[in-house]
1. For B:L144, state whether it is more than 19 Å from B:L210 (Cα to Cα), surrounded by fewer than 18 Cβ atoms within 10 Å (Cβ to Cβ) and touching a residue at least 60 places away in the same chain (Cβ under 8 Å).
2. Any chance segment A:103-119 includes a residue that's within 16 Å of ligand 1 (Cβ to nearest atom), closer than 30 Å to A:G18 by Cα and surrounded by fewer than 16 Cβ atoms within 10 Å (Cβ to Cβ)?
3. Output the helices (runs of 4 or more DSSP H) that fall wholly within segment A:124-222 and possess 3 or more residues being polar (S, T, N, Q) and within 14 Å of another protein chain (Cβ to nearest Cβ), or say none.
4. Out of all the residues in segment A:123-137, is one or more of a type in the set (S, T, Y) and closer than 22 Å to A:L202 by Cβ?
5. Looking at B:L77, B:L30, can you tell me which residue is over 30 Å from B:D275 (Cβ atoms), surrounded by 22 or more Cβ atoms within 10 Å (Cβ to Cβ) and of a type in the set (A, V, I, L, M, F, W, C)?
6. When you go through B:V204, B:V113, B:V176, B:V150 one by one, which is the residue that is buried (at least 19 other Cβ atoms within 10 Å of the Cβ) and more than 14 Å from every other protein chain (Cβ to nearest Cβ)?
7. From B:T100, B:T84, B:T90, grab the single residue that is within 18 Å of B:V167 (Cα to Cα), within 22 Å of the chain's Cα centre (by Cα) and of a type in the set (S, T, Y).
8. Could you check segment A:58-97 and list, in sequence order, the residues that are at the interface with chain B (Cβ under 8 Å from one of its Cβ atoms) and within 16 Å of ligand 1 (Cβ to nearest atom)?
Amino acid sequence: MIPAPLLDVQNLMRSFGGGKSLLGRPRPVINAINDVSFQVAAGETLGLVGESGSGKSTVGRAVLQLDPADSGSVRFAGTELTILGPQQMKPFRRRMQMIFQDPYSALNPRMKVGRFVAEPLVVHGVAGGSALTDRVADLFRLVGLDPSFMTRYPHEFSGGQRQRINIARAIALEPAFIVADEPITALDVSIQAQIINLFQDLQDQMGLAYLFIAHDLSMVRYLCQRVAVMLRGRIVEIAPTENIFSDPQHPYTRSLLAAIPVPDPDRKRPDRPPFAVSENIPPREAGMIEVSPGHFVLEHKK
Amino acid sequence: MKHFLTDLYRSKAGLVGAVLIMVIVLVSLLAPVLDLPDPTRGDLRARLVGPTWTGLFTPGAHPLGTDEVGRDILSRLINGSRITLLVATTAVVLGGIVGTILGILAGYKGGLVDRILMRLVDIQLAVPLMLLALLVVAALGPSLRNVVLVLALTSWIRYARIIRAQVLSLREREFVQSAHAIGASTLRIMFLHILPNVLTPALVVGTLELARVIIMDSALSFLGLGVQPPTPSWGRMLADGRVYISSAWWAVTFPGLAIVLTVLSVNLFGDWLRDYFDPKTRSAK
Ligand SMILES: Nc1ncnc2c1ncn2[C@@H]1O[C@H](COP(=O)(O)OP(=O)(O)OP(=O)(O)O)[C@@H](O)[C@H]1O
Ligand SMILES: [Mg+2]
């Protein structure tokens, strides 16, 4: 029997807008996420890939109950989270964390970074006094930062260092699951690989599971066991990483694959197969088909 | 503290502002030991005497001249500064505390709290502040405490509106979401993550407000609704001296200068203070 997944998301929906504007004009409804379902096993990394505006961050926030979904179910370690109040949710906040897209706006500019990293430990009453300082120093070392940086303010750090600080804060409570929302997109290419390695090291050491959000497939290949491809708020394909790369089913997945930058500058990149999103909006009633074990694709026009 | 002083020393405008404020505050504190003539006792034989520079060294003379009932203007200015500074600072601090807290509450909580608070602000903005002040002072009676309360009442909405707007953009920032994600309480988020990030705008509003409140306090006194005579106040001096502006310029010029100088030094110091508390500009120096 397959063990129950750490995270089980079913039929998640979230829309924005709607209602009337001040002048009485109806505002358009945006279905930011539409019928999204997926699972993440303990220690696994699931990639969530899609173009800007496809709803990836909204999924991440809904999973962590930061911006709860309109409907659908989020089960973490067997507990339904969508029905919990803030107090009941608090113990789960120790076990699931988020790393944000923009390392610049993710740090409080008025808080020394040591205090910022220590905050989760303080909020949950895990450590205090000198034990707290020691623990924070350990966390700094763990993410590759000098503990003497603890007394500095965020503006003194580079993007990569900031992201390390965010990671230190996110792992402070030793969570089992982390949503990493495009954690490297805002960083220099030279720094990206370092941060990816850090993610992998932490996973090896702590047995973390990740929902790793990215807007293209290039990094996902090295980090993820499985990949979900999102288009206009829907998951159009979800499969083990090898399948996505060797046997992509959905035309949108194929176009994402073709868009991966080719490292060799002499080799010409194959032309991106034409893919018009507007003609490929997944029909509302389309269902998922299992094409091979664990490889699902949304029904689509051939 | 050492850093504070060296940084202040390096900023010319801030230093000038700080020194002026210190002089003003020091002089007003030292008023009782300065051996000044009684600011409330007139001398009808010496009405509207012009300023004399030698008067500084001659006992019984009037260096800045006298007003229409022969009271020493220098003494009234210095004694009046005590009242003005006390009234203005208390009102601005009071309005600042209330306005900042309510602004954070409205911006962060949103919903009903926000709507009620902002309606209140709108209503108050629709009523001219001077009219409001007049009504309240008329209802409560003019006393030092009531003037402070009235000025604070006209002040809090300015903080509240600006702070609320700041909070609306702050609460979308990812560090606030991150505070949610670790399970921080609403109170913790409001006071540890939001408040420190609105202190700079609050300080800026505070400086502008201090200047405005000093002027409004003068205006209230001007209309006879400030602290009551014979207690000296700058606004009152301005009002009384105004009549003689063509024949005795000193009766209105010196209180006017006192107001301008105080407002200016507060602004200079406030500008520097804002830069100092902004971690970005601090390390750039
Ligand atoms: N708070 C909000 N209010 C209104 N619309 C929103 C809000 N948050 C997201 N949306 C809309 O929902 C859709 C999905 O947004 P989301 O941020 O999840 O996309 P994303 O895939 O993370 O994109 P990106 O790669 O740019 O981060 C977008 O059309 C966006 O405009
Ligand atoms: Mg996003």
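Please treat every number below as a calculation from the coordinates, not as lab data. All of these numbers come straight from a predicted model, not from anything done at the bench. Neighbour counts are summed over all protein chains in view; Cβ atoms, including those assigned to glycine, are modelled from backbone coordinates with ideal geometry.
1. Considered against the rule, which asks whether it is more than 19 Å from B:L210 (Cα to Cα), surrounded by fewer than 18 Cβ atoms within 10 Å (Cβ to Cβ) and touching a residue at least 60 places away in the same chain (Cβ under 8 Å), B:L144 comes out as no.
2. Within segment A:103-119, none of the residues are within 16 Å of ligand 1 (Cβ to nearest atom), closer than 30 Å to A:G18 by Cα and surrounded by fewer than 16 Cβ atoms within 10 Å (Cβ to Cβ).
3. Output list is empty.
4. Yes, segment A:123-137 has at least one match.
5. On inspection, the qualifying residue turns out to be B:L77.
6. B:V150
7. B:T100
8. Within segment A:58-97, A:R61, A:L64, A:L66 meet the criteria.
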